[in-house]
Structures are given as structure tokens and as C-alpha cells.
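J.: I'd like to ask you about the structure that follows.
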Amino acid sequence: MDGRTAPLVERLPARAFRARAARGPDARLAEVLSTIVDHLARVVAETGATRDDLRRLIGFLTEVGEHTSDQRQEWVLLADTLGLTSMVEAQSLRRPEGATPNTLIGPFWREGAPARADGESISIDGKGEPLVFAATVTDLDGLPVAGAVVEVWQANAEGLYENQEPDRQPEFNLRGTYRSGTDGSVTIRSVRPGRYGVPKDGPVGRLLQALGLGLMRPAHLHFRVTAPGFQRLTTHVFDRADPALDCDPIFAVHPALATDFSRGDDGTLRAAYRFVLARARAGEDSV
């Protein structure tokens, strides 16, 4: 054996792993893990990975596990900041051209957001700069979707969700569930959402900082829109003027999801957005 056979030798474990896994009972698990191992073999060969690199990687993954608990999911944060979550979301629910893009739901959604009347505020504590958000729900032909359930949740002006600080914010503050009118419209009163950063006190945050990557998420509101006969839409709407729009650490920003937050003639901060729903495919749940 000489040095010219080294690349082949380095990849032998990957080939052996695939062959052995193929004999197991779970074909999907075998295919996914074998493909990951194939790619890892290429990473080792292409980067010239060293023993020290491997020790640092194992140490990092160990830290991720140690920082994960019932209150904190560092593994989910890692998947988000590597873009893995957004890639899987985009592939899992492909939408036709013209439909509003789907995004990840994020860690701060919670069930049971209270029903709100059209024009009612979701700001229970009244803190922050008032915002009037005019939403419209239509289909791909531009026809209004009446009776759609429009759920909204957001951070306050300090960039914190109510379930992050239950002792400071009222329960379900800045959360609500509306229904679109016969013209597909919904008026939501709220406050301007603040930017916030992904946690920087754990291994994922430290990794991003070591790479010189930004931690701040651009200001946004979250929406989940459902209507019979349509695909459920889970998405963000971003402030187009936010300087962090081009460097969202979880890769949720899409050009079609940005809108203007501007002052009307009365001085009130206003924003508007049209949610375009796609028809559910045959055999596909609409909610």
C-alpha cells in the first residue's frame, strides 16, 4: 500500500457502514444515516480533518447536549442556525409560485392564543409603540378567503415573548387569534415588535460569534393562517427597514415576507400584508 491509496482507505468505513446498515429493518433510517456518513467521509478528506478537529467537534456536541433541557433546546437552535430547519421546511411543503412562503414556527409559539375581535389589540399591558397591522387573506387568484383563522404572536419592544418572562408580561400578551371577514381582511392592533438575538450564553451562540456571524433576528410578527381547503401557512412578516434583514441567523427571511412599517397621516405606525394561500392537494390535510 502506498500514499496514493489513502483516499480510498479513508472512505472504506463509510462504504462498510452503508453495506451493513442496508441489512437492517429500517430502510429509511439506513439510507439517511448512510448518506450522512458518506458526506462526513468527504468532509474528512476535503478538509484534511485532524484528531484535534475531531476532539473539538465532540466537545462542542457534548456541550450542546449539556445545555439542552426542558426549558431550553440547544439542539433545535443548532439546527436553526445551520439553516437545516429552514431547508427541511422548504422541502417538506413546496408551495406554488405566488403563494406566501412557509417558514419555521419558532420556539415561542404556544397553543390557546385567545380569540380577538377584528380591530382588537393583542397588547394586554399596553407597553410599546402602537401598531395597526392590516392583513388580507386571498387565494392564488386574488379572491378573498373569508373565515380564515389568523393566529399572530410576537415579541414586545424589548424583543421578549411573554412565555420568556411570565413574571413581567401578562399571560398571552401579544398573542391572538382572529378570523378574516367576507373580504378576507383582518385588522390587528399591537405594538412595534423589537429585534432580539439568539442566545449567546451557550455553545451555539459562542460558535456563531467565533465565526463572526450576527446573532440578531430582524423585527417581525409570526402568523399561522388556516382555512378549509387550503394548505396551512406558518410564516413571518418582517420590517423591511430592519438592518438585520440580510443576516437572520436562522435563515427565515424571504424577500416576499418583508413589508413597510410606516406612519399614516394620523401619525399611527401601520403595516399591511397579503397572505396568499395555496389550495390543499388531494389527500392533504388543510389544517
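The values are calculated or read from the model by the stated rules, or taken from the named source; none is laboratory data. Bear in mind the structure is a predicted one, so any value in this text is a computation, not a measurement. Every residue, glycine among them, receives a Cβ derived from its backbone with ideal geometry; neighbour counts consider all protein chains shown.
J.: Looking only at residues that are more than 15 Å from G176 (Cα to Cα) and among the small types (G, A, S) in the stretch 117-146, which one is surrounded by the fewest Cβ atoms within 10 Å (Cβ to Cβ)?
T.: Step one: list which residues in the stretch 117-146 are more than 15 Å from G176 (Cα to Cα), which gives 127-130, 136-146.
Still in the running and among the small types (G, A, S): 128, 142, 146.
Details: G128: 16, G142: 11, A146: 14.
So the residue we want is G142.
J.: Let me ask something additional. Being among the aliphatic types (A, V, I, L, M), buried (at least 20 other Cβ atoms within 10 Å of the Cβ) and touching a Pro at 6+ places or on another chain (Cβ under 8 Å) is the filter here, so list the residues in the stretch 213-229 that pass it.
T.: Step one: list which residues in the stretch 213-229 are among the aliphatic types (A, V, I, L, M), which gives 213, 215-216, 219, 221, 225, 227.
Checking which are buried (at least 20 other Cβ atoms within 10 Å of the Cβ) leaves us with 219, 221, 225, 227.
A219, L221, listed by residue number.
J.: Going through the stretch 188-209 one residue at a time, which ones are assigned to a loop (DSSP other than H, G, I, E, B) and free of Cβ contacts under 8 Å to residues at least 12 places away in the same chain? Give the steps one after another, and end with the answer.
T.: First, the residues of the stretch 188-209 that are assigned to a loop (DSSP other than H, G, I, E, B): 192-195, 198-202.
Across the stretch 188-209, the qualifying residue is only D201.
J.: Let me ask something additional. Going by the conditions given, is P114 under 28 Å from D167 (Cβ atoms), surrounded by 14 or more Cβ atoms within 10 Å (Cβ to Cβ), in the same structural domain as Q169 (by TED's automatic domain parsing) and modelled with pLDDT of 95 or more? Steps first, please.
T.: Numbers: under 28 Å from D167 (Cβ atoms): yes; surrounded by 14 or more Cβ atoms within 10 Å (Cβ to Cβ): no; in the same structural domain as Q169 (by TED's automatic domain parsing): yes; modelled with pLDDT of 95 or more: yes.
The answer is no for P114.
J.: Next question, about the same structure. Looking only at residues that are assigned to a loop (DSSP other than H, G, I, E, B) and surrounded by fewer than 15 Cβ atoms within 10 Å (Cβ to Cβ) in the stretch 92-104, which one is modelled with the highest pLDDT?
T.: Quick first cut of the stretch 92-104, residues assigned to a loop (DSSP other than H, G, I, E, B) only: 93-104.
The next check asks that each one be surrounded by fewer than 15 Cβ atoms within 10 Å (Cβ to Cβ); those that pass are 94, 96-98.
Working: R94: 82, P96: 91, E97: 92, G98: 95.
Only one residue tops the list, namely G98.
J.: Let me ask another. Quick check: anything in the stretch 175-192 at pLDDT 95 or above and touching a His at 6+ places or on another chain (Cβ under 9 Å)?
T.: Kept after step one, since they are at pLDDT 95 or above, are these residues of the stretch 175-192: 175-192.
Right, trim to touching a His at 6+ places or on another chain (Cβ under 9 Å) and you get none.
Scanning the stretch 175-192, I find no residue that is at pLDDT 95 or above and touching a His at 6+ places or on another chain (Cβ under 9 Å), so the answer is no.
J.: Right, here's the next one. So, in the stretch 142-166, how many residues would count as being assigned to a loop (DSSP other than H, G, I, E, B), aliphatic (A, V, I, L, M) and touching a Ser or Thr at 6+ places or on another chain (Cβ under 8 Å)?
T.: Applying the first criterion (assigned to a loop (DSSP other than H, G, I, E, B)) to the stretch 142-166 yields 142-143, 145-148, 155-166.
Retained after the next criterion (residues that are aliphatic (A, V, I, L, M)): 143, 145-146, 148, 155, 157, 160.
In the following step, the residues that additionally are touching a Ser or Thr at 6+ places or on another chain (Cβ under 8 Å) were identified as 145-146, 148.
The qualifying residues number 3.
J.: Could you pull out the residue among R279, R232 that is of a type outside the set (A, V, I, L, M), touching a residue at least 24 places away in the same chain (Cβ under 8 Å) and crowded, with 17+ Cβ neighbours inside 10 Å? Walk me through how you get there before you give the answer.
T.: Values: R279 fails: crowded, with 17+ Cβ neighbours inside 10 Å.
That would be R232, the only listed residue that is of a type outside the set (A, V, I, L, M), touching a residue at least 24 places away in the same chain (Cβ under 8 Å) and crowded, with 17+ Cβ neighbours inside 10 Å.
J.: Based on this model, can you work out whether T268 counts as surrounded by 14 or more Cβ atoms within 10 Å (Cβ to Cβ) and hydroxyl-bearing (S, T, Y)? So that I can check it myself, show each step before the final result.
T.: Values: surrounded by 14 or more Cβ atoms within 10 Å (Cβ to Cβ): no; hydroxyl-bearing (S, T, Y): yes.
Criteria not met by T268.
J.: Among the listed residues G267, G194, G205, identify the single one that is not hydrophobic (A, V, I, L, M, F, W, C) and not assigned by TED's automatic domain parsing to the domain that holds L104. I'd like the intermediate steps shown before the answer.
T.: Numbers: G267 fails: not assigned by TED's automatic domain parsing to the domain that holds L104; G194 fails: not assigned by TED's automatic domain parsing to the domain that holds L104.
Residue meeting the stated conditions: G205.
J.: Looking at the stretch 7-27 only, could you name the residues that are at pLDDT 90 or above and under 15 Å from A49 (Cβ atoms)? First the steps, then the outcome.
T.: Here is the first cut: in the stretch 7-27, the ones at pLDDT 90 or above are 13-27.
Matches in the stretch 7-27: P13, A14.
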